[in-house]
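Participant: First the structure, which I've put down as structure tokens, then a few questions once you've had a look.
The values are calculated or read from the model by the stated rules, or taken from the named source; none is laboratory data. Everything quoted here is computed from the prediction, not taken from an experiment. We place every Cβ from the backbone using ideal geometry, glycine too, and count neighbours over all the protein chains shown. For the accessible areas, the whole protein counts, side chains as well, though only heavy atoms, and no ligand, DNA or RNA atoms are used. Shrake-Rupley method; radii C 1.70, N 1.55, O 1.52, S 1.80 Å.
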Amino acid sequence: MPGPTVYNSPSLQEHNVGAVPGYIEEDVMNRLCDMIEALQDYNGIKRYRNKPDMTLKQVIEESNSIYRKGGYDGKNYLHDAYHTNASSDRSVRGGEVLIAGEEYQDSLRAAKLRMKYLEAATPSPDRGIKVRKDLGEITGTIASANITEFIFHTNPDDAKDMLDRTGEYA
């Protein structure tokens, strides 16, 4: 069986602009992913990554293709998406991890681990693990998958903190 493998999927949303100058979700999540990948390399985790010019459909297809070709049997492969959240209420803060359902034990286990580290990194109370059955990036992948919404980019304090401390979020 192949060793631990992650498909890193930083945001493709170049039009999501944060509440502070210089915050573009796609750019910030790609910088974060660069830092996460350095940690993955250090820990011997095999990794793949989407490209900013891909569509979400292409990302899901590529992740599923790697999973199928790699001989994974439901273990040791995680589709890990990196995003920031938005709200019309600029006071909303905190991170959350989205999964397709609690019956997906590997996704839930990965989400719990991510929340542990997210809670330590973020300056505001986090929003926990949420089940979402309407997001293709977690329902369309064969592998265990989650989406981490690290902060609310519509909150000026969250957005500034992410820009200032991206490495700590990684």
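Condition check ((1) among the basic types (Lys, Arg); (2) closer than 24 Å to residue 35 by Cα; (3) at pLDDT 95 or above) across all residues:
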{"site": "98", "(1), (2), (3)": "no, yes, yes"}
{"site": "121", "(1), (2), (3)": "no, yes, no"}
{"site": "130", "(1), (2), (3)": "yes, no, yes"}
{"site": "137", "(1), (2), (3)": "no, yes, yes"}
{"site": "160", "(1), (2), (3)": "yes, yes, yes"}
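Participant: How about the range 8-35: which of its residues are open to solvent by less than 20 Å² (accessible area, probe 1.4 Å) and more than 14 Å from residue 52 (Cα to Cα)?
Facilitator: 18, 23
Participant: Let me ask another. Kindly indicate whether any position in the range 55-67 is touching a residue at least 60 places away in the same chain (Cβ under 8 Å), in contact with a Phe, Trp or Tyr (Cβ under 7 Å, 6 or more places away or on another chain) and not hydrophobic (A, V, I, L, M, F, W, C).
Facilitator: Yes.
Participant: Working carefully through the options 84, 55, find the one that is out of contact with any helix residue (DSSP H, G or I) (no Cβ under 7 Å at 6 or more places or on another chain) and at pLDDT 95 or above.
Facilitator: Residue meeting the stated conditions: 55.
Participant: Something else: Looking at 12, 32, which is the one that is within 12 Å of the chain's Cα centre (by Cα) and more than 19 Å from residue 135 (Cα to Cα)?
Facilitator: 32
Participant: Something else now. Do we find that residue 45 is buried (at least 16 other Cβ atoms within 10 Å of the Cβ) and either without any contact (Cβ under 8 Å) to a residue 60 or more places away in the chain or not hydrophobic (A, V, I, L, M, F, W, C) (or both) in this structure?
Facilitator: Judged against the criteria, residue 45 is a match.
Participant: Taking the condition among the basic types (Lys, Arg) and either without any contact (Cβ under 8 Å) to a residue 60 or more places away in the chain or within 28 Å of residue 155 (Cβ to Cβ) (or both), does residue 93 pass?
Facilitator: When the stated conditions are applied, residue 93 passes them.
Participant: Let me ask something additional. Looking at (1) over 16 Å from the mean Cα position of the chain (by Cα); (2) among the charged types (D, E, K, R); (3) loosely packed, with under 13 Cβ neighbours inside 10 Å, find the lone condition where residue 51 falls short.
Facilitator: It is condition (1) that residue 51 fails.
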